[in-house]
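K.L.:
Would you mind keeping the following structure in view while I ask a few things?
The values are calculated or read from the model by the stated rules, or taken from the named source; none is laboratory data. The model shown is predicted, which means the values in this text are computed figures rather than measured ones. FYI the Cβ positions are ideal-geometry reconstructions off the backbone, even for glycines, and counts take in every protein chain you see.
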Amino acid sequence: MHRYDAVLFDVDDTLLDFDASEEVACRHVFDDRTDSPAFPFALFAAAFRSVHNATWGLYMAGTVGRADVFRVTFEQLAAMGYLDGMDPAVAALTCQDWFVLHSVPEPEALRVLALLHARCRTGVVSNYELADIQRKRLAASGLAELLDVMVISGDSGIEKPDPAIFDEALHHLGLRPSQCLFVGDSLASDAAGARNAGMDFCWYRRHHTAPFAPTTAMNVIESLAELSTLVDAPDVPDVPDW
Ligand SMILES: [Mg+2]
């Protein structure tokens, strides 16, 4: 008897490495430029990261739409002389396509998800505006076929930590919150969302380097491989009311 009937995951920086996926796509654009490079990839990558972070800031401020993030970044890189004459619109599309089709799984993600999928139900609850793109990333990376349910905020407009997005996954699975473990990297959307939905939470903190003081009862893992033990741990017996 497993402790949970389902393990549900956040996607970015939990099952897929977001920054690594963008960097792989950036490398592809660098290799795809028409002229021979006048500078090394490390310089291009550093410029991309700096400009792209600024573009993400504009997106967060609401001044750049989600679908325009790559375009705005590459227009800026072109203006700074990094594209060697390559059309920034072409560079943005090239980057976007590569990002969608070659997203990088977190270490152990495919192996652990396959293991869990054989033992219990699995799914994702993801905050991602462009739902079709997120589904394609999950399919292309090989994760989708190991998932029983994929709930993506872009379809409904409801985002974590709203418990309604977790309820949608529970409805698909026919399960109660107490039967599920939610795994994610964000305390603001994943931990708070799981708590709002009544699910146990496991914090995957590979991308968080700050020291962590375990002041709460949540599970904390550094590697997805640790999930196997957690899911198979014996159920905690109910404490009787006195
Ligand atoms: Mg995340």
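K.L.:
What is the one condition in (1) in contact (Cβ under 8 Å) with a residue 40 or more places away in the chain; (2) of a type outside the set (S, T, N, Q); (3) farther than 30 Å from Gly193 by Cα that Ala46 does not satisfy?
P.N.:
Just one mismatch for Ala46, condition (1).
K.L.:
Being of a type in the set (D, E, K, R), within 19 Å of the chain's Cα centre (by Cα) and more than 21 Å from Glu145 (Cβ to Cβ) is the requirement here; does Arg71 meet it? Walk me through it before giving the result.
P.N.:
Working: of a type in the set (D, E, K, R): yes; within 19 Å of the chain's Cα centre (by Cα): no; more than 21 Å from Glu145 (Cβ to Cβ): yes.
Against the criterion (of a type in the set (D, E, K, R), within 19 Å of the chain's Cα centre (by Cα) and more than 21 Å from Glu145 (Cβ to Cβ)), Arg71 does not qualify.
K.L.:
Does any residue in region 188-202 that is over 14 Å from Ala164 (Cβ atoms) come within less than 8 Å, Cβ to Cβ, of a residue that is assigned to a helix (DSSP H, G or I) and within 13 Å of the ligand (Cβ to nearest atom) six or more places away or on a different chain, and which pairs are these?
P.N.:
Note: pairs meeting the criteria are Asp200/Ala194; Phe201/Asp190; Phe201/Ala191; Phe201/Ala194.
K.L.:
Only one of (1) modelled with pLDDT under 95; (2) in contact with a Pro (Cβ under 7 Å, 6 or more places away or on another chain); (3) closer than 15 Å to Val11 by Cβ fails for Val220. Which number is that?
P.N.:
Unmet for Val220, out of (1) modelled with pLDDT under 95; (2) in contact with a Pro (Cβ under 7 Å, 6 or more places away or on another chain); (3) closer than 15 Å to Val11 by Cβ: (3).
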